[in-house]
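K.L.:
Pasting a structure here, questions to come.
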Amino acid sequence: MAVINGTAYAVWNGTERLWSCKNASLKVDVDLPDVTTKESGGWAAHINGLRFWSIDFDGVYEDAGGSAVLMTPAEILAAIIARTADAEVAFKPASGTTTTGWKGNATFKNITIGGDMETGITFSGSIVGNAPLTVVAIA
C-alpha cells in the first residue's frame with residue numbers, strides 16, 4: 001500500500017483550485033438515532049439517520065491575480081455575500097495521480113480572514129454538502 005502525500009489533495013470549486021491552502025479536511029458523518037429497547041439485551045441499538053459531509057480549510061491569503069483556474073478567499077467571500085455560494089466542490093488531487101477523490105454539491109458556509117500583527121494574512125472556512133458525496137477516479 002502506497003502512502004499518499006497530503007500536499008497532493010486540494011479543495012476544488014469546479015475547475016478552480018483553492019489558492020494558497022495549507023490544510024483541508026473532508027469530514028463525513030451519519031446521525032445514529034437511538035432505538036434501544038428493553039429487548040436489546042443491554043446492547044445499544046440505532047438506525048442509520050441523516051448523512052452529511054463538510055470540508056474545512058485554511059491557508060495564507062494571497063491574491064491569485066484574476067486567474068481563471070484559482071479560487072481565492074475574496075471570491076468565496078463575494079459568493080457568500082451575493083448568496084451564490086452553492087457550487088460543485090471536490091476534495092481531490094490534481095489530475096495525473098492514480099488515486100481517488102470525492103465531490104458533490106455544497107455551499108460555502110463561512111470564510112474568516114485574519115490579519116495579526118507582523119504575520120501573513122490568513123484565511124479559514126468551511127463548505128457544507130447539500131447533496132450526496134460521490135467518489136471520483138482521478139486520471
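K.L.:
What number comes out for the charge environment of W19, summing +1 per Lys or Arg and -1 per Asp or Glu over other residues with Cβ under 14 Å away?
P.N.:
-3
K.L.:
Still on this structure: How would you rank R17, R83, going from fewest to most other Cβ atoms within 10 Å of each one's own Cβ?
P.N.:
The most exposed by this proxy come first: R83, R17.
K.L.:
Post the alpha-carbon centroid distance, segment 67-89 to segment 116-139, in whole angstrom.
P.N.:
11
K.L.:
Could you tally the net charge around W53, taking each other residue with its Cβ under 10 Å from the Cβ of W53, Lys/Arg +1 and Asp/Glu -1?
P.N.:
Local net charge: +1.
K.L.:
Just to be sure I understand the curve: with the Debye formula and one point per C-alpha of segment 1-42, what is log10 I(q)/I(0) at q = 0.19, 0.25 Å⁻¹?
P.N.:
Ignoring solvent entirely, the Cα scatterers give -0.75, -1.01.
K.L.:
Nearest 5 percent is fine: what portion of the DSSP beta bridges confined to the chain is antiparallel?
P.N.:
Bridges in the chain are about 95 percent antiparallel.
K.L.:
Mind checking which aspartates and glutamates have their C-alpha under 16 Å from K22, skipping anything on the same chain fewer than 8 residues away?
P.N.:
Filter leaves D56, D58, E62, D63.
K.L.:
With a sphere of radius 13 Å drawn around the Cβ of A106, what net charge do the other residues whose Cβ falls strictly inside it have (Lys, Arg +1; Asp, Glu -1)?
P.N.:
That sum, taken over residues with Cβ under 13 Å, equals 0.
K.L.:
Looking at the square roots a ≥ b ≥ c of the eigenvalues of the Cα gyration tensor of the chain, which shape do they give, rounded for a/c under 1.5, prolate if a/b is larger than b/c, or oblate?
P.N.:
It comes out prolate by the Cα gyration axes.
Every read-out reported here was derived from the displayed coordinates using simple, explicitly stated rules and does not represent laboratory data. Since the model is a prediction, treat every value here as computed from it, not as a measurement. No Cβ is skipped: glycine too gets one built from the backbone with ideal geometry, and neighbour counts run over all protein chains shown.
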